[in-house]
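Trainee: Dropping a structure here in structure tokens format, bear with me for questions.
Coordinate-derived values only; no laboratory data. What you see is a predicted model, and the numbers here were worked out from it, not measured in a lab. Cβ: placed from backbone, ideal geometry, glycine included. Neighbour counts: every protein chain shown.
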Amino acid sequence: MTIKTGYKQDVKGSWIPKDPDAQLVYAMDWGTEWLAQGNSISAVTYTVSTITGDTTPLTIESSGIQAGGITYVELSGGKEGEIYTVTCTVTTSGADVDARRFRIKVEDRYL
């Protein structure tokens, strides 16, 4: 998964900033390095970590699979100052199961 447009990297892994008012789509390219030839993604599940007392949680609006081993999740909301972990779990046509995580740091974004 070498395509990470807009993501930043630290010792914990990949993260990306998101404005609390934004509703955006985030994609993962499983086909670049991980998905075996002749195999395809047959199911995807995205989950978002919960934060106790969060009145405006990060919300999954939609998710799915695109051609070429790409999965996506559309996210909205989130509380400014919070960091959420998004987990993507895939199942392949060959019955392989794997998961990857990235973090969303919610912050007011300015030009």
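Trainee: Considering the dipole of the chain built from charges on the beta carbon (Lys and Arg +1, Asp and Glu -1) around the Cα centre, which of 89, 72, 22 is farthest to its positive end?
Mentor: 89
Trainee: Can you compute the label reach from residue 21? Point 7 Å from Cα along the Cβ direction, backbone N cut-off under 19 Å, restricted to the stretch 46-88.
Mentor: In the stretch 46-88, the label zone of residue 21 (backbone N under 19 Å from the point 7 Å along Cα→Cβ) covers 56-59, 75-82.
Trainee: Further question on the same structure: Extension gain residue 67-residue 45, at 0.36 nm per residue separation less the Cα-Cα distance, in nm?
Mentor: Difference between extended and current length: 6.3 nm.
Trainee: Using only alpha carbon positions, build the gyration tensor of the chain, then give the equivalent ellipsoid semi-axes as the square roots of 5 times its eigenvalues, largest first, whole angstrom.
Mentor: That gives 26, 14, 12 Å for the three semi-axes.
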